[in-house]
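Just so it is clear, none of the values below were taken in a lab; they were calculated from the coordinates. Owing to the predicted nature of the structure, the values given are computational and were not obtained by experimental measurement. In this analysis, Cβ positions are derived from the backbone assuming ideal geometry, glycine residues included, and neighbour counts consider all displayed protein chains.
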Amino acid sequence: MSHPVPIPPPVDCIVVGAGLSGLCTARGLARAGVDFAVLEARGRVGGRILSRAARSNPQARYDLGPAWVWPSFQPLATALLAELGIPLFAQATAGAGLYEDDGQPAPLRIDGQSPHGESRRIAGGASTLVEALATELPPKTLHLEHTVTHIEAHPKGVALDVRTPEGPRTWQARHVVLALPPRLAVTEIAFDPPLAGDIRTRLAAIPTWMAAHAKLIALYEQPFWRNHGLSGEVFSRRGPLTEIYDASPADGGPYALFGFYGLPAAARRALGRDTLIQRGIDQIARLFGTQAGDPIECMLQDWSTSLRTATRMDEIPPSGHPQYGFNDIGRSQWDGRLLFAGTESAARNGGYLEGAVEAAMETLELIAKPDRIR
Ligand SMILES: Cc1cc2nc3c(=O)[nH]c(=O)nc-3n(C[C@H](O)[C@H](O)[C@H](O)COP(=O)(O)OP(=O)(O)OC[C@H]3O[C@@H](n4cnc5c(N)ncnc54)[C@H](O)[C@@H]3O)c2cc1C
């Protein structure tokens, strides 16, 4: 005898994506007493926020996604962290930086002010923020490993086709909030009826911030660079890492350096994971000495291969920080049944953690005051 497939009860609002923007939206809905569900494709919360523990010390976590908050011009993210009781600490910048150029026999030592004097890091790693938000949600509202594949408009709401470990499910709601990169949303999700006019093309043209990038973190027993009067900060035109910074926890070790690769996604793929890591470590050893060539652990995160962040279109990064925001597109479609959050939809701070919070707040305002929907 076959068992009937359970149909999830309809809710007022479904949030797609449990990154920072989706979780902030969900938190606001919970506070407003709205009945909601969060559907997240990955088996974890956080999206581009990802902190991983050292094998030798589970308390020490390292940021493979965002690492920095700038309190002086990111008031929303800073206030949220304070409200959740999550401390910040200063990015380690004491000491000299290094600069290396092609054809230069040795790196230049740069004594002077670091551009990261104002940068702050989140104690315990940036995942502490999304974990705290997820913990606050009412029971059974967060559904991991739920991938939304199709959204259909009905006269009174929407129906979502969702892939789950238990098989396909259909969810129904009055509104759906897409809290994921717009390019990913229109590539991975089918809309019925199709989005009006050239909206789909315009959403697909919005680059997903940092989706083209890869980060290497090398862990060490000792912060030997500090002992040599170095901050760990490097700007390199030689590569493969173009920028390197101290990524050590607030207190104690393992101590760490992290770097962004300058190689394009296709070149990284061609090299393969092990060679990519080795080339990064060889560069760190070239800069900081043989000790640096023998890390106790390496972590590599290539966001361009992460299917829940990047599409093939994201392999080439934008040349600068794009002018984000949905001013022309509008934050809602289908008469307010389909809404957008996600950092790329934020006009003032799009791309950043601040933008993810900003977008969630604007979307919540629209849900609370539907007369503002155009
Ligand atoms: C390497 C790197 C470094 C960065 N550094 C900084 C920094 O120092 N400071 C800063 O402010 N910002 C930084 N950022 C940007 C910051 O991470 C983002 O602004 C922020 O995390 C975006 O949050 P979001 O919720 O809008 O999107 P995301 O985090 O992308 O969340 C979207 C969520 O939707 C889910 N999803 C996708 N498709 C589906 C589907 N079909 N169904 C259900 N769920 C789906 C995803 O799994 C994900 O959880 C960095 C990003 C990266 C990658």
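Observations on the model:
- Over the stretch 173-310, the ratio between the Cα radius of gyration and 2.2 N^0.38 Å evaluates to 1.36.
- Take every Cα pair under 8 Å whose residues are at least 6 apart in sequence, average their separation, divide by the length of the chain, and the relative contact order is 20 percent.
- Dmax and Rg, reported as Rg then Dmax, of the chain (C-alpha, Å): 21.8, 75
- Neighbour counts of other Cβ atoms within 10 Å put Cys24, Cys298, Cys13 in the fewest-to-most order Cys298, Cys13, Cys24.
- The alpha carbon gyration tensor of the stretch 1-60 gives principal lengths a ≥ b ≥ c with a/c of 1.5 or higher and a/b no greater than b/c, which makes the shape oblate.
- Taking all Cα pairs closer than 8 Å and separated by 6 or more residues, the relative contact order of the stretch 92-239 comes to 31 percent.
- Kirkwood Rh and Cα Rg combined as Rg/Rh, the stretch 59-139: 1.13
- Helix 353-368 vs. the chain, principal-axis angle (Cα, 0 to 90°, nearest 10): 10 degrees
- Measuring nothing but alpha carbons in the stretch 243-346 and taking Rh as the Kirkwood radius, the Rg to Rh ratio lands at 1.11.
- Protection-proxy order for peptides 199-209, 255-265, 282-292, each taking the mean of Cβ atoms within 10 Å per residue, highest first: 255-265, 199-209, 282-292
- Gyration tensor verdict on the stretch 29-168 (Cα atoms; rounded if a/c is under 1.5, prolate if a/b is larger than b/c, oblate otherwise): prolate
- Ranked Val15, Val130, Val34, criterion: other C-beta atoms within 10 Å, fewest first: Val34, Val130, Val15
- Acute angle (nearest 10 degrees) that the helix 127-136 long axis makes with the longest principal axis of the chain, alpha-carbon atoms: 30 degrees
- Mean Cα-pair separation over length for the stretch 146-199, i.e. relative contact order, pairs under 8 Å, 6 or more apart, %: 35 percent
- The angle between the Cα long axis of helix 273-288 and the longest principal axis of the Cα atoms of the chain comes to about 40 degrees, rounded to the nearest 10.
- Taking label positions 7 Å along the Cα-Cβ direction at both Arg163 and Asp111, the computed distance is 5.8 nm, reported to one decimal.
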